[in-house]
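The values are calculated or read from the model by the stated rules, or taken from the named source; none is laboratory data. Being a predicted model, the structure only gives us computed values, none of them experimental. Here the Cβ positions follow ideal geometry from the backbone for every residue, glycine too, while neighbour counts run over all protein chains shown.
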Amino acid sequence: MSLSVAIRKSYGSFTLDVAFEAGDETLGFLGASGCGKSLTLRCIAGIETPDEGRIVVNDRVFFDSEARINLTPQQRKTALLFQNYMLFPNLTVAENIGAGIGREVGRDERARIISEELARFGLRGFGQRYPSQLSGGQQQRVALARMLAARPGILMLDEPFSALDAHLKGVLEQSLVSLFEAYGGTILYVSHDIDEALRFCDRIAVVEAGRIMEMGPADGLVNRPQSVAGLKLSGCKNATPAVLAGEHAVFLPRWGITVGTAAPVPEGAICLGVRAFAVERAEGPGENCYRVRVDRTSDSRFERTVLLGFLDREAGNAERPAAFDDNEMSYLHQHLFWRVSKREGTVPLPEVGEELWVRIPPDKVYLVTR
């Protein structure tokens, strides 16, 4: 199976402009709310109509602005799972599952498919119940069963776990695994959660402001991000503008420091990233070692997040230090986030007001050009 998309659609100041291809795989769309992830799926499903472009699924043209082809959602036979599942309240579970099965399918075959999906998703005995009689998790399983029963040409899921608590989410992830294993074609998966995307997706597309900033294998986003958006969405807490300062060095205006890098600085580098857990405690001056003050701390079960202010900022192009009262975001951007494990227990945890030295390992920094 295959998918080819190249579309453009404008909404006033916002423009969706995406082009990508996918095969028999799960392709994730990762990005902040309102960046165009869901709109892309809705255009493929035929719920929204692009201003221009082309959409082809399994060699069948769904949309072509030049050829004036625009199939209806019913003709496209796609499966799109929304965040609220959209079950028919007046239909039983069995009837909901069978709602997407084509009329050309005979009664016996229809009953067999429904029975098969009830069993696959652990819903035997629930066939005659109505959605209002089900828990949120059961409703989601009905929606997943309905998707698979329809034998669609493409599966699309739009943040299917957004309304679930952490425990139920963990349980229902296994239902999604069953769905993916049973389906052999193209699956599009929208999320804003990097861990969720990594669990389910073969490749991930980073979407920002209606455009795909980078696309590649899931582990590449974590280990080799290529864009500022990719840095931030991969969970990198420290992403700050960078200016070339040498073949293996960049100056960081917001932090007022120069950082050495193990790899040569790529041409056109605009941002440096370093993960909060990669920052190390240091004994004193040295390569990439900096004197800092602990300005804020917050604790979770297993770690302490520390906000560090640089005390020896370089003169020249460094930005003026921001006071907390000036602007919260500017204040945060001029600090280094550091995550310290609480499990070790051998070194005292950093406390507010404490001055100490930390090191940014040269081989643990990312440099991106877009």
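Take region 49-76 and flag every residue that is of a type in the set (Asp, Glu) and either in a helix (DSSP H, G or I) or at pLDDT below 95 (or both). Selection gives 59 alone.
Taking the numbered list (1) farther than 23 Å from residue 184 by Cβ; (2) out of contact with any Asp or Glu (no Cβ under 9 Å at 6 or more places or on another chain); (3) among the acidic types (Asp, Glu) in turn, residue 21 passes all entries but (1). In the same structural domain as residue 364 (by TED's automatic domain parsing), of a type outside the set (D, E, K, R) and either over 15 Å from the mean Cα position of the chain (by Cα) or crowded, with 18+ Cβ neighbours inside 10 Å (or both), is that true of residue 204? It is false that residue 204 is in the same structural domain as residue 364 (by TED's automatic domain parsing), of a type outside the set (D, E, K, R) and either over 15 Å from the mean Cα position of the chain (by Cα) or crowded, with 18+ Cβ neighbours inside 10 Å (or both). Counting only residues that are surrounded by 15 or more Cβ atoms within 10 Å (Cβ to Cβ), among the polar types (S, T, N, Q) and over 10 Å from residue 146 (Cβ atoms), region 84-114 holds 1 of them. Out of 99, 79, 45, one residue alone is modelled with pLDDT under 90, under 23 Å from the mean Cα position of the chain (by Cα) and either within 20 Å of residue 152 (Cα to Cα) or not assigned by TED's automatic domain parsing to the domain that holds residue 197 (or both). It is 79.
Residues in region 47-68 that are of a type in the set (A, V, I, L, M, F, W, C) and touching an Asp or Glu at 6+ places or on another chain (Cβ under 9 Å): 55, 56.
Looking at region 221-235 only, could you name the residues that are surrounded by fewer than 21 Cβ atoms within 10 Å (Cβ to Cβ) and within 13 Å of the chain's Cα centre (by Cα)? If the condition is that a residue be surrounded by fewer than 21 Cβ atoms within 10 Å (Cβ to Cβ) and within 13 Å of the chain's Cα centre (by Cα), then 222, 232, 235 are the ones that fit. The single condition from (1) out of contact with any Phe, Trp or Tyr (no Cβ under 8 Å at 6 or more places or on another chain); (2) touching a residue at least 40 places away in the same chain (Cβ under 8 Å); (3) among the aliphatic types (A, V, I, L, M); (4) over 17 Å from residue 4 (Cα atoms) that residue 93 fails is (1).
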